[in-house]
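All remarks here apply to the structure that follows.
The values are calculated or read from the model by the stated rules, or taken from the named source; none is laboratory data. Please read all numbers here as calculations on a predicted model, not as lab measurements. We place every Cβ from the backbone using ideal geometry, glycine too, and count neighbours over all the protein chains shown.
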Amino acid sequence: MTISLSLFDIDEIGCVMCNQRNAGIIGVGSAVPEKVLSNADLEKMVDTSDEWIRTMTGISERRMAADGEATSDYATKAAKIAMERAGVKPDSINLIIVATVTGDMQYPATASIVQNALGCKNAAAFDLGAGCSGWVYALAAANGFITSGMYDYVLVIGADLLTRVTNWTDRSTCCLFGDGAGAAVVGPVAEGEGMLGFDLGSDGSGSHVLCIPDGGSRRPLTHETLDAHKDKTHMEGREVFKFAVKIQGEATERLLTRLGMTTQDIDMLIPHQANIRIIDSAVQRLGLPKEKCYINIQRYGNTSAGTIPIALDEAIQEGKVKKGDTIVTVGFGAGLTWASGVMKWVY
Ligand code: UT7
């Protein structure tokens with residue numbers, strides 16, 4: 001869907017002068033690596049089993065980027081598809097936000113690399129670090145930029161190559177993660193459509209339970225820390241699990257109540273894909289029938305900021321999302337952070 005932005009059209013879709021226009025997703029795309037790493041492959045690497053992984057996490061396989069590839073490659077591919085579907089040209093993008101914890105480099109921002117690759121020469125660019133909640137955080141930021149009238153079109157990308165920061169000797173984490181990216185073009189939409197609200201939060205007292213401990217400003221890398229895999233993901237799985245089960249339902253219910261809605265209004269839940277048991281508990285708590293929750297964890301594992309936009313893209317491609325539907329996205333992750341968002345689907 002394209003909305004041309006002559007002043008006349010902007011007036012038609014909302015009042016820019018009084019900062020009141022709506023913002024919504026007008027195109028979505030995703031990209032994952034070709035290489036598949038199956039549970040059988042992992043059985044050869046660590047002391048685990050296909051049965052344990054499937055029962056405890058719901059994951060059968062995940063994708064893995066090839067040597068030499070980087071997060072920006074998948075972010076760019078996903079964004080190109082989203083822009084094409086939205087009918088928005090590179091020149092029209094005002095801002096690119098890449099939610100990621102595995103940027104191409106420590107700096108500059110991966111968003112700047114993506115900006116160059118896409119030829120979005122009129123776009124500002126920054127990365128957003130909120131772990132697996134990052135894409136929903138970025139969506140909320142884009143919503144603010146557009147409803148305020150500051151920008152018209154924002155690319156919101158969630159992209160991570162978690163296999164690059166996986167400790168392949170740690171069986172409790174290495175079976176969980178995968179690589180991939182999803183992107184959305186967010187733009188001005190008609191009143192009553194698009195983004196309705198967000199519930200974002202953080203409990204920094206849990207920052208140590210999911211992190212890459214070394215390689216930052218507190219403990220720069222040394223040969224010793226590299227040998228001890230401190231440059232890779234450390235996770236206290238049980239703690240994250242307990243947090244996730246509690247927060248996904250809470251954040252969704254709180255937001256729906258604020259918007260004067262109930263769980264009955266949800267047409268499709270797109271949750272962060274971290275563990276099938278966490279997703280099932282959210283579905284149960286919200287009292288949703290299973291078909292109202294999109295699940296693809298079995299194919300991709302946890303791609304961090306990528307999971308929600310990849311799942312959203314697949315749900316759309318499979319015809320499971322239609323104009324006017326109420327879509328709820330909800331995620332949690334390193335920080336510990338959480339984010340839920342409610343939107344009326346635009347196309
Ligand atoms: O995006 C956010 C990022 N992370 C998450 O969302 C992850 C949240 N946490 C989880 O998904 C779960 O905590 C895990 C799937 C990681 C683990 O499940 P759990 O129910 O918390 O199990 P556990 O860690 O308590 O481990 C149970 C048993 C242990 O053995 P013992 O001590 O009972 O003998 C583990 O050593 O399972 C063992 N185990 C494994 N066994 C086979 C742990 N990993 C594996 C494995 N294969 N890969």
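Quick notes on this one:
The rows are residues; the columns are (1) among the β-branched types (Val, Ile, Thr); (2) touching a Phe, Trp or Tyr at 6+ places or on another chain (Cβ under 6 Å); (3) under 20 Å from Thr303 (Cβ atoms).
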position	(1), (2), (3)
Phe243	no, no, yes
Lys246	no, no, no
Thr252	yes, no, no
Arg258	no, no, no
Gln264	no, no, no
Asp267	no, no, no
Ile270	yes, yes, yes
Ala274	no, no, yes
Arg277	no, no, yes
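- Those residues of region 2-38 which are at pLDDT below 50 and among the small types (Gly, Ala, Ser), in sequence order: Ser4, Ser6, Gly14
- Qualifying residue in region 199-215 (condition: within 15 Å of the ligand (Cβ to nearest atom), of a type in the set (Asp, Glu) and farther than 29 Å from Asp227 by Cβ): yes
- Cross-chain or 6+ apart pairs with Cβ under 9 Å, region 248-261 first and assigned by TED's automatic domain parsing to the domain that holds Phe332 and more than 25 Å from Arg277 (Cα to Cα), then part of a helix (DSSP H, G or I) and not acidic (Asp, Glu): Met261/Leu255
- Each residue in region 36-52 was checked for being closer than 20 Å to Leu161 by Cα and in contact (Cβ under 8 Å) with a residue 24 or more places away in the chain, and 5 of them qualify.
- Residue within region 99-108 that is at pLDDT 95 or above, more than 15 Å from the chain's Cα centre (by Cα) and of a type in the set (Val, Ile, Thr) present: no
- Residue match in region 302-312 (condition: buried (at least 23 other Cβ atoms within 10 Å of the Cβ), outside the structural domain of Tyr137 (by TED's automatic domain parsing) and out of contact with any helix residue (DSSP H, G or I) (no Cβ under 8 Å at 6 or more places or on another chain)): yes
- Every residue from region 95-117 that is more than 22 Å from Gly331 (Cα to Cα) and either surrounded by 19 or more Cβ atoms within 10 Å (Cβ to Cβ) or small (Gly, Ala, Ser) (or both): Leu95, Asp104, Ala109, Ser112, Ile113, Val114, Gln115, Ala117
- Within region 245-282, tally of residues that are within 23 Å of Ser60 (Cα to Cα), within 16 Å of the ligand (Cβ to nearest atom) and of a type in the set (A, V, I, L, M, F, W, C): 7
- Candidate set from region 206-240 (those that are part of a helix (DSSP H, G or I) and among the β-branched types (Val, Ile, Thr)); member that is surrounded by the fewest Cβ atoms within 10 Å (Cβ to Cβ): Thr225
- Check on Leu42, within 16 Å of the ligand (Cβ to nearest atom) and assigned to a strand (DSSP E or B): no
- Search result, residues across region 282-301 that are closer than 18 Å to Ala244 by Cβ, free of Cβ contacts under 8 Å to residues at least 60 places away in the same chain and either aliphatic (A, V, I, L, M) or out of contact with any helix residue (DSSP H, G or I) (no Cβ under 6 Å at 6 or more places or on another chain) (or both): Ala282, Val283, Gln284, Leu286, Leu288
- Complete set of residues in region 135-182 that are touching a Gly at 6+ places or on another chain (Cβ under 7 Å) and over 17 Å from Met195 (Cα atoms): Gly158, Ala159, Asp160, Leu162, Thr163, Ser172, Leu176, Phe177, Gly178, Gly180, Ala181, Gly182
- Reported count of residues in region 294-326, each being of a type outside the set (A, V, I, L, M), under 23 Å from Thr55 (Cβ atoms) and in contact with a strand residue (DSSP E or B) (Cβ under 9 Å, 6 or more places away or on another chain), is 9.
- Residues that are in a loop (DSSP other than H, G, I, E, B) and under 23 Å from Cys174 (Cβ atoms), drawn from region 60-97: Ser60, Met64, Ala65, Ala66, Asp67, Gly68, Glu69, Ala70
- Picking from residues in region 98-157 that are under 18 Å from Ala70 (Cβ atoms) and part of a strand (DSSP E or B), the one that is nearest to the ligand (Cβ to nearest atom) is Ala99.
- Flag for Gly324 being more than 29 Å from Thr166 (Cβ to Cβ), surrounded by fewer than 18 Cβ atoms within 10 Å (Cβ to Cβ) and touching a helix residue (DSSP H, G or I) at 6+ places or on another chain (Cβ under 6 Å): no
- Residue satisfying all of: in region 163-205; polar (S, T, N, Q) and in the same structural domain as Asp265 (by TED's automatic domain parsing); surrounded by the fewest Cβ atoms within 10 Å (Cβ to Cβ) among these: Ser205
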